[in-house]
Amino acid sequence: MAEGLTEAEAVRPATDGGTHRAPDPVRRGFEELSSVADAVLYEGYLLYPYRRSSAKNRVRWQFGVLFPRDWAEASGPVVPGLSGAADSWYQQTECLLRAERTDAVVRVRVRYLQTQHKQVEESGPNGGHRAVPSLRTADGTTHLTFEEAVPHEAELSVTLGDLLTCARTVAVGAPGATDVEPLPGLAGRVVRRREEVSADATLMAEQLREGLFRLRVRTVNSGPAPDPRAPRDKALCRALIATHTLITGEGVEFASSIDPPAQLREHARACRNEFTFPVLGGEPPSQETGTGHSRETGTGHLVLSSPIILPDHPQVAPESPGDLHDAAEIDEILTLRTMLLTDEEKLEARATDPRAAAILDRVDTMPPEVFARLHGAVRSLTPAAPAPERPAWWREDADAGLSPATDTVLVDGVPLRGGSRVRLRPRGRGADAQDMFLAGRTAQVAAVLRDVDGSTHLTVTLDDDPAAELNSWYGRFHYFRPDELEPLEAADAPDQPTAPAPAAAPAVPPTDSDTPCSGGR
């Protein structure tokens, strides 16, 4: 992720008639969402100690890019789709909110990156300067010409009643500028140039019924492109990059767009989100308290609308030691790769971007106990049912008494075991994306497996899969939780003959998420 992004933040005052500062709880909510957004959305800028000489490290600026409209539509109108990585000239978020009073306050913060070109210039004999790809100063520091980014954010605060009367618009653009940094020993200078970015965010609301409203935030790049036919890397100088929106308020409650309360599903389905995906922020419901968040499933007081798909209540991994890489499950891998960089590669990374240097410093000084914490963790999204007392999973005798082929698990009063026939009912929230395509299909249970966290999964083969026998021979199965299966035998029906489980069936399903991946992955 991008290191030190707050150093150059340009925070505009709220546009509700003054420089009103939000109360601490609201600002803390924004900060909480910002840490998640930084970790995920800015990875396209600096997920890893990028080096100028590495071709893959020069492919950046892929998410939430809003170009000038004449450039984005030079080859035809932009059609909204599911991909947040698609180039567009606008971004639209729609979400549901509930409020008892129209004087409730809605607060919106739009955040993005602005590119700037860092040009290294060498001092000439007559006091002039000439552009060079790199320059090494007398203190041993190497300076490289490269592209950087400056973060910006703008905030709009307005009452719900005002929004129902008319839309409110705030300028979210950034001015152009040139900054000059002299280098030690009069060796030269670094010149950073930024083009003006013109953009606006419009906030509006519509009442759907008593106490229920639809909120819309539309961010538009309103400036012209230097040349509508310019290549993408040239047009980026007038674009908003990694554009995303944070929404909170006072006296308001937002409904999930992914898993809203049952009575709001039709209204949530009617929301139109284009080039962005809103999710609830903050702690998940099981950890919420009555003082800060709603206990009702599918609601919350914070929204993060991002150009990439996230689950509700995304969290930075607690094991991550701060702003390091993507602050998630691959921290360990990238830390190891950073450690393996040669001295020459580390010098180049430091010269490429100061944030890359910060990542290197953090890795080089990381205590062993912090590094060990990155190795992994076992989590379950739902509390595991009490399991019989048995040895810890890492002990040699931990599997004693377990028999995947003959063990049973009760589902709707029916004991399921190897050979039982079931209908697949993947749960809507948290299900594997591939499993959702199997809803309603019938299958045969191959084995009952106990996970290391105490949960239970069943491996199944599809009845209409022509490769079922081959997949069983390879040990490739679909994994489902008991509550995702519907028995096809009645509770009082005689037990079906037990089919022996294939020898290749794994003893424990994958544990990298609450729902293991579908077979063959």
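No lab work stands behind these numbers, since they all come straight from the coordinates. Since the structure is predicted, the reported quantities are computational estimates derived from the model, not experimental observations. Glycine also receives a Cβ, built like all others from the backbone with ideal geometry; neighbour counts cover every protein chain displayed.
Annotations
- Computed FRET value (nearest 0.05) for THR297 with LEU164, which takes r as the C-beta separation and R₀ as 22 Å: 0.20
- Options VAL150, ALA268, THR169, ranked by Cα towards positive dipole end of region 129-274, top entry (Cβ charges): VAL150
- Distance cut-off 27 Å, percentage of C-alpha pairs in region 130-281 lying past it: 46 percent
- As a calculated quantity, the FRET efficiency between GLU100 and ILE309 at R0 = 22 Å, using C-beta atoms, amounts to about 0.10.
- Linear extension gain, VAL452 paired with VAL79, 0.36 nm per residue minus alpha-carbon span: 129.7 nm
- Each label point was placed 7 Å from the Cα along the Cα-to-Cβ direction; for THR142 and ASP364 their separation is 1.4 nm.
- Stretching the chain fully between ARG423 and ARG272 yields a gain of 51.0 nm (0.36 nm per residue, less the alpha carbon separation).
- In order along region 88-101, the phi-based Karplus estimate (6.51 cos²θ - 1.76 cosθ + 1.60, θ = phi - 60°) of 3J(HN,Hα) comes to 8, 10, 8, 8, 10, 10, 10, 8, 9, 9, 10, 8, 7, 10 Hz; Gly and Pro are listed as x.
- Table column - 3J(HN,Hα) (Hz), region 164-180, Karplus curve with 6.51, -1.76, 1.60, x for Gly and Pro: 5, 7, 7, 5, 10, 10, 10, 6, 10, x, 9, x, x, 6, 10, 10, 10
- Summarising the label geometry, the points placed 7 Å from Cα in the beta-carbon direction at ASP483 and GLU210 lie 3.3 nm from one another.
- Ranked packing of 478-485, 406-413, most packed first, by mean Cβ within 10 Å: 478-485, 406-413
- In plain terms, the chain from ALA177 to LEU336 could stretch by 53.4 nm, reckoned as 0.36 nm per residue minus the Cα-Cα distance.
- Highest-first arrangement of 129-140, 461-472, where packing means the average Cβ count within 10 Å: 461-472, 129-140
- THR408 versus ARG232: modelled label distance in nm, points set 7 Å from Cα along the beta carbon direction: 5.8 nm
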